[in-house]
Amino acid sequence: MNGASKRRAAPIGLLVLASLLFASGLGCATRTVYQQVEPVRISSVEPAGDAVRRASLRLCTEGLRSDERGRSARARSQYERAIQIDPTNPWAYLSLARHEVESGDPDRALEYVEQAESLLRAEGVRSPGVEPHLLGLRGAALQATGRDGAPDLERAARLAPAAWSDGHLSAAELR
Amino acid sequence: MGLDRVVRARFEGQRFRVPSRVYSAPSILYPGLDWKLVDLEGSLRRLGYRRVTDTRGLEPGQYVWGNNRVRLFVQAFDHPSRPEPARDVVLRLRGSRIDEIRELPAGREIWALLLAPEQIGAYYGPDHEQRDLVTREEVPPVLVDAILAVEDQRFETHSGIDPRRIAGAMLANLRAGSVRQGGSTLTQQLVKNFFLSPERTLKRKSQEAVMALLVETRYEKREILQAYLNEIYLGQRGATAIHGVGEAARVFYGKPVGELSTAESALIAAIIQSPNGLSPYRDAAGAVKRRNLVLDLMKRQGRIDTTTWKAARAEPLRLAAVTADPGDARYFLDLLRRQLSTAYTSEVLTSEGLRVYSTLDRRAQRLGAKALREGLADLEKRFPHLAAEDPSRALQGCLVAMRPQTGEILALVGGRDYRVSQFDRCTQARRQTGSVFKPFVYVAALEPRRGGPLLTLASFVDDTPLEVKTTAGPWKPRNFDRKFHGRVPVREALERSFNVATARLGQQVGIGRVIEVARRLGVTSRLPEVPSLVLGTAEVSPMEIARAYATLASGGVRPEVQAIEDLVDASGHTLERRRLRFERVIDPGTAFLATSLLEGVAERGTAAGVRSTGLRGPVAGKTGTTDGEHDLWFVGYTPELVAAVWIGFDEPRSLGVPSSVGALPIWRRFIEDLTGGTVRGVFRQPAEVERVEIEPTTGALAFAGCPERRPEFFLTGTLPHDTCPAGRRGIADAHGDDSPGVRSRFFDWLRRQM
């Protein structure tokens, strides 16, 4: 092998090596995705944040409680007030997404999941515990719109069987 | 027969025109809230709450403001889907903060307390009548007694006319030598208001008597009384006529009719005879004297006992504050009306008593109107050539504010004075945008595309002479300072708003792509595909621009603009319910980079003036001044609010000042007043953005040993190739550590190999 071909071979070798490294990284990632996690509850998020966020989170938990009692309109109003106080509160959008999935408006639920995810990402709160809820709500909403939500629901159930094994997130499970 | 037909048609058809009312969003109180900043006392006053001194016997709508403690009996909020109960609560205060809210008597802690929405206006018919319809059952017996005592004590027994009352009135008038007393029964008064003109002729009086007899023959006393209670005229509030006891209770006392006390009931009954002459707002002492006369009559007729009579006579006059003129919200009311008119006719809006719950933040609206009014006046004082003698040709402006995440309009001020001009410059005007359009070009260049984005924040752009061939001849953009600045960092190009660099970037990105980005962000006006588009030559409304910036502020999620929360009909059924709507149109990383660029504009660039009076916290924004300084813009946002300000003349002419002097101070004044000078929140860096150190003059990655370094943001996989010192490997993070991230390194290395 002359010098020129060695020079050509070096980047190719590196590329192969790096690809292997990267692929093994992805493999790790895949394994962690299916590691079970403790699904997050909004009441456990409450102590964090400033007064505005705390009040907004409390409205979310009150809304979830209203949903548990079947007071759907009141619950939605409480989620909307939570957003009025703190429009950057991702948990309010997540609660609304759950509410809309249950109320039969999956298109809207998808928009709320998107907003919740965007705000969670912006806040750096992509804790493993929230992942099953994002996946599960998206999957449930997709299913309800006639699209394929099964993979997301399946992943949510594997991540957090306690909350998602039945393909459904109750208000109590999110509260 | 003819009169009978008239009576039946009116009684059995729709009896009353009830204007639709528009309400603001409710205020929410919660622990940690700065009660001074939200003007808690002002809100309570406008909602008709009364300050009292004793907590004993506190009633809904009353409060006691003590040291570090407010005892508040919150009024119930009647809404079909989200009613709020009346609540007796105590607010503990610490300085200007609400420390804690507890509900009494249990002492349960409350985390968010809603005050009812404030009425911000109504859609009146041509007669400008305002009424709040009530049923007979809703009206307390004491109010009926008060009215009957003074207006028609034999109402229950007469058959429409009362000969004894007529004889008594004639005698009294003869004694006085003029007409001092009327002999009409309630039925006659109702007939007169319903069917006849106010003239006092024998013919009209005869018709009145016949029709009163017809009404009494055909309808129950209960129905007649209910119609009277809703029809009776009770005075004027500005241009609006107050009709019915429901409306009077709301206007005079700020409470539902069912909650009126004996003394309050007596006052309403007292002014029926001469609603404006006896108005308690005009002559409080005279009104109290007349009220006491009614109380005396009630006692004499056995309608109240002595104890009640004594207590009621001793009760001081406690009127609700005169609510502010909705003048500053009229542009918003017009916007709602235009939106509603697609589904509801003007006749429906002015007569069927709909309730429109809006997104408007009463305080933001008031502060927005004040900022615009005072800002324009200041400008005219500083630059007298801007002042016009004719108000219809005066310098104009508009301000619109919305929540970026939800698109809810919080404030809309379409001009400096609605009485002079009803044209809403925020939603109805299309004006050239100047440099506020430029960020869309940078978004297009920063957005990932095949082969990577055209720009990173470490890139340089070329600000040297440019000539673009167009069908109208060569186009040669110039900078504001008439100079060219050579190769400049991308941040500097936007911070100093260089036209030539941006025009060249537009050419590199492609005008079509810039238009496509602007559309995705929320611009809907026509955008001509010409090179000068990138410098803001297209005519766009301030509302569209506010929405486009809202999309950047919310991390690339475009909100649907919302002005209505819900719409309820007169019987309490929800006709429409707002749903928040949004769509991701830009990836969060690119939106964050654009925000970071615009933060730079507000920190160091043409918008550095936003900090000049000490505003703290995260702010991003862009100035815009069009050719000839015809239009001045400032569009800025915080993590929770976006506001656009435009100023100029309706018939475009030069203002001779830049936007940093004209529009920006209005925005600053608004935000400072709204936030108290400290903006809440942060623009958070999303996961797909990395913060690393670069060498500023070259944009190379900076490592230990590099003489000059500053942090910069990059989308993952877009780190610079070059390093400082040259030839180093690895990634320098924002702290200057040489600690490579495997994933980043792989992506960057891979990109270099391709």
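The table that follows gives values for the structure above.
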{"quantity": "DSSP-loop trypsin sites (Lys or Arg not before Pro) across region B:158-257, with at most 16 other Cβ within 10 angstrom", "calculated": "B:Arg180, B:Arg200"}
{"quantity": "Burial ranking of peptide ranges A:79-92, A:97-110, B:561-574 (average Cβ count within 10 Å, highest at the top)", "calculated": "A:79-92, A:97-110, B:561-574"}
{"quantity": "Tensor-based shape of region B:129-314 (alpha-carbon gyration tensor, a/c under 1.5 rounded, otherwise prolate or oblate)", "calculated": "rounded"}
{"quantity": "Region B:588-659 versus region A:96-144: alpha-carbon centroid distance in Å", "calculated": "34"}
{"quantity": "Highest to lowest packing among B:433-444, B:706-717, scored as the average C-beta count within 10 Å", "calculated": "B:433-444, B:706-717"}
{"quantity": "Cα long-axis angle, helix B:186-195 against chain B (0 to 90 degrees, to the nearest 10)", "calculated": "50"}
{"quantity": "Gap separating the Cα centres of region B:38-60 and region B:384-452, nearest whole Å", "calculated": "38"}
{"quantity": "From phi via Karplus (6.51, -1.76, 1.60), per-residue ³J(HN,Hα) for region A:97-114 in Hz, x at Gly/Pro", "calculated": "4, 4, 4, 5, 4, 5, 7, x, 10, x, 4, 5, 4, 4, 5, 5, 4, 4"}
{"quantity": "Residues whose placed amide H lies under 5 Å from that of B:Ile110, excluding near-sequence neighbours", "calculated": "B:Ile101, B:Arg102, B:Glu103"}
{"quantity": "Hz values of 3J(HN,Hα) by residue in region B:399-415 - Karplus curve (6.51, -1.76, 1.60), Gly and Pro given as x", "calculated": "9, 10, 10, 9, 7, x, 6, 10, x, 6, 6, 9, 8, 9, 10, x, x"}
{"quantity": "Cα long-axis angle, helix B:202-218 against chain B (0 to 90 degrees, to the nearest 10)", "calculated": "90"}
{"quantity": "Region B:207-245-region B:256-326 distance, computed between alpha-carbon centres (Å)", "calculated": "20"}
{"quantity": "Rounded if a/c under 1.5, otherwise prolate or oblate - the protein assembly as shown, Cα gyration tensor axes", "calculated": "prolate"}
{"quantity": "Residues B:Thr217, B:Thr306, sorted so that the one with the fewest Cβ neighbours within 10 Å comes first", "calculated": "B:Thr306, B:Thr217"}
{"quantity": "Average other protein chain Cβ within 10 Å of Cβ, residues A:51-63", "calculated": "4"}
{"quantity": "Formal net charge of residues neighbouring B:Val601 (Cβ-Cβ distance under 12 Å; K, R +1; D, E -1)", "calculated": "+2"}
{"quantity": "Ordering of B:542-548, B:667-673 by burial proxy (mean other Cβ atoms within 10 Å per residue, highest first)", "calculated": "B:542-548, B:667-673"}
{"quantity": "Cα gyration tensor category, rounded, prolate or oblate, for region B:26-116 with a/c compared to 1.5", "calculated": "rounded"}
{"quantity": "Of the GluC sites (Glu not before Pro) in region B:425-533, those whose Cβ has at most 14 other Cβ within 10 Å and which sit in DSSP loop", "calculated": "B:Glu467, B:Glu529"}
{"quantity": "Exercise: per-residue mean of other protein chain Cβ atoms within 10 Å, A:82-93", "calculated": "5"}
{"quantity": "Percentage relative contact order, chain B, counting C-alpha pairs under 8 Å, at least six apart", "calculated": "11"}
{"quantity": "Relative exposure of B:Val682, B:Val144, B:Val413, judged by other C-beta atoms within 10 Å (fewest first)", "calculated": "B:Val682, B:Val144, B:Val413"}
{"quantity": "Stretchable slack from B:Thr613 to B:Arg373, in nm (0.36 nm times residue separation minus alpha-carbon distance)", "calculated": "84.5 nm"}
{"quantity": "Computed magnitude of the charge dipole of region B:273-364 (debye, nearest 20; Cβ of K, R +1, Cβ of D, E -1)", "calculated": "500"}
{"quantity": "³J(HN,Hα) computed for each position of region B:420-425 - Karplus, 6.51 cos²θ - 1.76 cosθ + 1.60, integer Hz, glycine/proline x", "calculated": "7, 8, 9, 6, 8, 6"}
{"quantity": "Sequence-distant residues sharing a close amide H with B:Arg581 (under 5 Å, placed H)", "calculated": "B:Glu560"}
{"quantity": "Cleavage-rule hits (trypsin sites (Lys or Arg not before Pro)) in region B:480-509: DSSP loop, at most 14 neighbouring Cβ within 10 angstrom", "calculated": "B:Arg482, B:Lys483"}
{"quantity": "Value of Rg to Rh for chain B (Rh from inverse mean 1/r over Cα pairs, i.e. Kirkwood)", "calculated": "1.10"}
{"quantity": "Helix-only mean residue ellipticity at 222 nm for chain B, each DSSP H run of n ≥ 4 adding -39500 (n - 2.57), per residue, nearest 500", "calculated": "-10000 deg cm²/dmol"}
{"quantity": "Degrees, to the nearest 10: B:330-340 long Cα axis against longest axis of chain B", "calculated": "90"}
{"quantity": "Amide H partners (placed H, <5 Å) of B:Glu129, local residues excluded", "calculated": "B:Ala241"}
{"quantity": "Beta bridges per DSSP with both ends in the protein assembly as shown, % antiparallel, nearest 5", "calculated": "85"}
{"quantity": "Relative contact order computed over region B:502-649 (Cα-Cα under 8 Å; 6+ residues apart), in percent", "calculated": "18"}
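Values quoted throughout were computed directly from the atomic coordinates according to the rules given, and no laboratory measurement underlies them. Keep in mind that this is a model prediction, so the values were computed, not measured. A quick note on method: Cβ atoms are made from the backbone with ideal geometry, for glycine too, and the neighbour counts reach across all protein chains shown.
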